[in-house]
1. Residue 217 - would you say it is over 30 Å from residue 47 (Cβ atoms), modelled with pLDDT under 95 and either part of a loop (DSSP other than H, G, I, E, B) or not hydroxyl-bearing (Ser, Thr, Tyr) (or both)?
2. When residue 186 is evaluated against the numbered criteria (1) of a type in the set (Ser, Thr, Tyr); (2) in a helix (DSSP H, G or I); (3) touching a Lys or Arg at 6+ places or on another chain (Cβ under 6 Å), which criterion, by number, is the only one it fails?
3. Please count how many residues of the range 141-164 are under 13 Å from residue 79 (Cβ atoms) and touching a helix residue (DSSP H, G or I) at 6+ places or on another chain (Cβ under 8 Å).
4. Just the residues that are in contact (Cβ under 8 Å) with a residue 24 or more places away in the chain, out of contact with any Gly (no Cβ under 6 Å at 6 or more places or on another chain) and of a type in the set (A, V, I, L, M), please, taken from the range 187-204.
5. Please verify whether the range 179-186 includes one or more residues that are outside the structural domain of residue 121 (by the TED database), in contact (Cβ under 8 Å) with a residue 40 or more places away in the chain and buried (at least 19 other Cβ atoms within 10 Å of the Cβ).
6. Would you call residue 33 in contact with a Gly (Cβ under 7 Å, 6 or more places away or on another chain) and surrounded by fewer than 22 Cβ atoms within 10 Å (Cβ to Cβ)?
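The values are calculated or read from the model by the stated rules, or taken from the named source; none is laboratory data. These numbers were taken from a predicted model, which means no experiment stands behind them. As a convention, Cβ positions derive from the backbone with ideal geometry for all residues, glycine included, and neighbour counts pool all protein chains shown.
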Amino acid sequence: MTQPEDRQPLIEALGVDLDPDLLTLALTHRSYAYEHGGLPTNERLEFLGDAVLGLTVTDELYHRHPDRAEGDLAKLRAYVVRTQALAAVARRLTEHGLGFYLLLGRGELNTGGADKSSILADGMESLLGAVYLQHGIDTARKVILRLFGALIDGAPDRGAGLDWKTSLQELSASRVLGSPSYSVSSIGPDHDKVFTATVVVSDIEYGTGTGRSKKEAEQNAAEQAYEAIKAQEPDA
């Protein structure tokens, strides 16, 4: 896959202009930077975008749900900003998705890095960080609410999605399948680990998930397992 020179579809999907150099930085994964002599990476923008996204979603949920307790609001926010949700938004950006535009090293490209949820989620946060850096919080908020509006709207109705591990445990018990068991592995340096979790129910592997923490990876694996087991019901 070659890096497209025309990034206009990505700009149109965001709905705001970005300085070309800033956009390039937002799209530069560390694997590409390493292969090209230590270029700057998008990790600082990712750090910034994570904070801007978290603040915007928290503020929106706080004002939309005045009667919700802090714990409930935290679960709603976690549902909206989880790795899988960010990756889903990234995949819907333009006809080809965000991965088409990311600058990745050859190793990452050859192992499907352009569609890895963790890389897409990080890239999405980097773009939001770039929008905030150039245009400020008001514009960044508008972009976030447009791109994540459906997730924010649907969060209270997800039910199981607020805590997939608990919901999977309850579903497994109701189906007399026994308790789910999880195994977790990680790759990367201590400051930037990516965790992968696998969940097994009744000796069958039902789900895998990745995340930037062990908890997030297990939740994503539990979500996949929950949906798989639920789909086995005749009336699912």
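1. Values: over 30 Å from residue 47 (Cβ atoms): no; modelled with pLDDT under 95: yes; either part of a loop (DSSP other than H, G, I, E, B) or not hydroxyl-bearing (Ser, Thr, Tyr) (or both): yes.
Considered against the rule, which asks whether it is over 30 Å from residue 47 (Cβ atoms), modelled with pLDDT under 95 and either part of a loop (DSSP other than H, G, I, E, B) or not hydroxyl-bearing (Ser, Thr, Tyr) (or both), residue 217 comes out as no.
2. For residue 186, the failing item is (2).
3. Filtering the range 141-164 for residues under 13 Å from residue 79 (Cβ atoms) gives 148, 150-164.
The next check asks that each one be touching a helix residue (DSSP H, G or I) at 6+ places or on another chain (Cβ under 8 Å); those that pass are 148, 151-152, 155-156, 158-164.
Count: 12.
4. Looking only at the range 187-204, we keep the residues that are in contact (Cβ under 8 Å) with a residue 24 or more places away in the chain, and these are 192, 194, 197, 199, 201-202.
Next, only the ones that are out of contact with any Gly (no Cβ under 6 Å at 6 or more places or on another chain) stay: 192, 201.
Passing the criteria: only 201.
5. Yes - at least one qualifying residue is present in the range 179-186.
6. Numbers: in contact with a Gly (Cβ under 7 Å, 6 or more places away or on another chain): no; surrounded by fewer than 22 Cβ atoms within 10 Å (Cβ to Cβ): yes.
No; evaluated as a whole, the condition is false for this residue.
Conditions (1) touching a helix residue (DSSP H, G or I) at 6+ places or on another chain (Cβ under 7 Å); (2) within 15 Å of residue 144 (Cβ to Cβ); (3) in the same structural domain as residue 191 (by the TED database); (4) modelled with pLDDT of 95 or more, marked per residue:
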residue: 15; (1), (2), (3), (4): yes, yes, no, yes
residue: 35; (1), (2), (3), (4): yes, no, no, no
residue: 54; (1), (2), (3), (4): yes, yes, no, yes
residue: 59; (1), (2), (3), (4): no, yes, no, yes
residue: 71; (1), (2), (3), (4): no, no, no, no
residue: 77; (1), (2), (3), (4): yes, yes, no, no
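Per-residue answers, yes or no, for (1) modelled with pLDDT under 95; (2) surrounded by 15 or more Cβ atoms within 10 Å (Cβ to Cβ); (3) farther than 22 Å from residue 52 by Cβ:
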site	(1), (2), (3)
138	no, no, no
141	no, yes, no
148	no, yes, no
155	yes, yes, no
161	yes, yes, yes
197	no, yes, yes
202	yes, no, yes
224	yes, yes, yes
235	yes, no, yes
